[in-house]
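Chemist: I'd like to ask some things about the structure below.
The values are calculated or read from the model by the stated rules, or taken from the named source; none is laboratory data. Quantities reported herein were computed from a predicted structural model and do not represent experimental measurements. Virtual Cβ from ideal backbone geometry, glycine too; neighbours counted across all protein chains shown.
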Amino acid sequence: MLVGAARVEHARPELFADPAHGFAWIRMIGALLVIYGHSSPLSGHGDLFPAWWPVQPDEGVLMGFFAMSGFQITESWMRDPHPGRFAAKRVLRLWPPMLTVSVGMALIVGPLVSDLPVGEYFAAHGTWAYIVDNAGLVTLQHELPGVFADNPWPDAVNGSLWTLPMELLAYAGLFVLLVAGTAKRERRWLAVVALVALVIWDRHLEQTPGAESAGSLLSVPVESLVAFLVAFALGVVLNLYRVPLSPLAAAAGLVVLALMPNSIAASFLMAFAVSYAVVVAGHFWPERLTVPGVWVNGSYGVYVWGFPTQQLLAMAGIRNEWIMLVCAAPIAYVLGTLSWKFVEDPTMKLRHLLTPAPEREPEPLADPDSEVTRQHDAVPPEPTRPEPARAEPPRRPRPEPPRAEPPPRPEPARAEPPRVEPPRAGPQARQDAVWRPPPRPAPQPPGHRQPPRPPTAAEDSPLARRLSGEVEGAPRPPRPGPGETRQVRPRGADPNRRDLR
């Protein structure tokens with residue numbers, strides 16, 4: 001394994017899933033653990049985990065949620081550092097599922113389970129205030145008129161919503177830091193300063209006696225807010241500084257935390273150990289556990305629908321925490337998956353309308369008189385990387401046509417002497433180029449003898465002389481002159497011919 005400065009570079013990357021998929025898995029597991037943690041108090045059996053445990057799973061899970069949010073939201077800003085689009089994406093992520101569950105509980109489930117008549121229920125101020133106050137998020141209202149009044153945990157419609165205002169305040173604080181330039185290398189120290197300030201504040205509140213001794217900000221308890229903001233700031237710092245991620249270090253931190261007694265030091269270490277562990281787990285999630293996204297992306301819906309589901313089961317008379325867990329977990333999972341499919345995913349796709357495609361900048365025109373332009377032909381251009389070929393569907397192989405035999409090679413034509421054409425340079429040349437019959441020989445005077453023509457090589461050969469009846473080696477008779485006739489010797493008079501009869 002190699003740990004890079006920007007990301008984790010695995011020696012065998014095919015063994016690990018994409019970090020976003022790993023984070024989705026961890027969020028889904030955390031949402032189901034929250035249902036597990038709520039099963040005991042909602043069924044009337046008190047806290048599920050002993051108070052002396054140094055690590056309270058429900059609190060550790062919530063800290064892991066905030067650490068992953070800080071890490072991933074910072075990454076979102078690094079990809080698109082635009083303040084307006086960043087704020088719009090946070091609104092589209094946080095509000096739609098919360099509004100859906102609030103409206104559904106107030107207008108559908110509430111009238112069915114309320115102790116009040118339907119008319120009186122809808123006429124009550126608290127029915128509509130529940131929707132309006134929850135839409136404001138930092139002004140949460142947890143009660144509906146006559147709903148769950150006789151449950152072991154009475155009047156609480158959806159206690160899981162109490163962390164959403166803290167998430168919103170964490171987004172707002174990070175937004176201010178990012179606009180101030182914290183994402184830049186020279187100003188990322190601002191995130192460290194914010195983390196140190198939150199840790200000091202959290203330690204001060206931890207030592208103050210009494211639960212939630214710092215009061216609340218509207219509907220947000222300040223002491224819990226500061227504790228979760230520490231985990232959120234740790235996720236931001238882990239992203240900005242590209243802290244090396246090691247599974248061995250994460251496991252060692254969790255082991256040390258488990259061995260420590262429940263104390264102030266243990267609560268201080270839990271924020272760091274859990275935050276680092278969830279970020280490492282997201283980057284080292286096994287590839288073999290990769291599933292379709294719809295199976296694990298509905299963790300937010302599971303989280304906000306789990307508490308009302310458990311309250312309905314408690315109203316039905318379930319008083320055993322394990323039976324409640326077995327019944328509530330699959331119901332909440334189905335509701336959360338439906339929330340992802342029909343609420344979260346469609347609204348999150350609206351983010352693409354807020355993020356325009358990057359425009360291609362026009363290439364600057366070169367100055368024809370510049371030195372670079374004059375040397376353009378002398379300097380070869382840099383080679384461009386070929387684009388990866390797109391995978392095409394396999395085609396059915398076509399039968400190959402029969403191969404035709406190559407035609408016989410023609411014999412080379414014999415070279416002919418070049419024809420010399422007379423130059424065409426005027427009317428006289430064109431007139432000389434016209435064909436004319438050869439001139440007739442001049443008439444000879446009577447009595448003129450033409451000198452004898454010498455015999456050719458063919459006429460003077462021995463075979464020609466034998467066929468003409470001449471004796472090989474005998475003197476040849478003179479050729480007849482012009483006007484004379486040659487006497488032909490009969491065949492029988494040939495002295496060299498032998499009669500074979």
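Chemist: I want to confirm something. Restricting to segment 250-274 and keeping residues that are surrounded by fewer than 20 Cβ atoms within 10 Å (Cβ to Cβ) and of a type in the set (Val, Ile, Thr), which single residue is farthest from the chain's Cα centre (by Cα)?
Modeler: Checking each candidate, the answer is Ile264.
Chemist: Related question: With (1) surrounded by fewer than 21 Cβ atoms within 10 Å (Cβ to Cβ); (2) part of a helix (DSSP H, G or I) as the list, and Arg319 as the residue in question, which single condition is left unmet?
Modeler: Exception for Arg319: condition (2).
Chemist: Could you say whether any residue in segment 29-43 is of a type in the set (A, V, I, L, M) and modelled with pLDDT under 80? Show your work before the answer.
Modeler: Pass one, segment 29-43, residues of a type in the set (A, V, I, L, M): 29, 31-35, 42.
Then drop every residue that is not modelled with pLDDT under 80, which leaves none.
Checked against the condition, which is being of a type in the set (A, V, I, L, M) and modelled with pLDDT under 80, segment 29-43 yields no hits at all.
Chemist: Please go through segment 225-270 and give me each residue that is among the small types (Gly, Ala, Ser) and at pLDDT below 90, ordered by number.
Modeler: So the first thing to find is which residues in segment 225-270 are among the small types (Gly, Ala, Ser), and the list is 227, 231, 233, 235, 246, 249-253, 258, 263, 265-267.
Answer for segment 225-270, where residues must be among the small types (Gly, Ala, Ser) and at pLDDT below 90: Ala258, Ser263, Ala265, Ala266, Ser267.
Chemist: Considering every residue within segment 72-81, establish whether at least one is over 25 Å from Trp340 (Cβ atoms), in contact (Cβ under 8 Å) with a residue 24 or more places away in the chain and surrounded by 14 or more Cβ atoms within 10 Å (Cβ to Cβ).
Modeler: Looking for residues that are over 25 Å from Trp340 (Cβ atoms), in contact (Cβ under 8 Å) with a residue 24 or more places away in the chain and surrounded by 14 or more Cβ atoms within 10 Å (Cβ to Cβ), one finds at least one in segment 72-81, hence yes.
Chemist: Let me spell it out: the conditions are (1) surrounded by fewer than 21 Cβ atoms within 10 Å (Cβ to Cβ); (2) touching a Pro at 6+ places or on another chain (Cβ under 8 Å), and Leu289 meets all of them except one. Which number is the exception?
Modeler: The failed condition is (2).
Chemist: Let me ask another. How do the pairs read when you match residues in segment 107-133 that are in a helix (DSSP H, G or I) with residues anywhere that are exposed (fewer than 13 other Cβ atoms within 10 Å of the Cβ), using Cβ under 8 Å and keeping only pairs 6 or more apart or on different chains?
Modeler: Pro111/Val118
So that you can scan it fast, the table gives a plain yes or no per residue for (1) crowded, with 24+ Cβ neighbours inside 10 Å; (2) of a type in the set (Lys, Arg); (3) closer than 25 Å to Leu190 by Cβ:
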position	(1), (2), (3)
Leu248	no, no, no
Tyr276	no, no, yes
Val294	no, no, no
Gly298	yes, no, no
Gly301	yes, no, no
Trp305	yes, no, no
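Chemist: Conditions first: (1) out of contact with any strand residue (DSSP E or B) (no Cβ under 7 Å at 6 or more places or on another chain); (2) in a loop (DSSP other than H, G, I, E, B). Val138 passes all but one, so which condition is the exception?
Modeler: (1)
Chemist: Another question, if that's okay. Report those helices (runs of 4 or more DSSP H) wholly inside segment 187-259 carrying at least 3 residues which are more than 26 Å from Tyr171 (Cβ to Cβ). First the steps, then the outcome.
Modeler: Details: elements: 189-207, 222-240, 247-259.
Where helices (runs of 4 or more DSSP H) fall fully within segment 187-259 and carry at least 3 residues being more than 26 Å from Tyr171 (Cβ to Cβ), they are 247-259.
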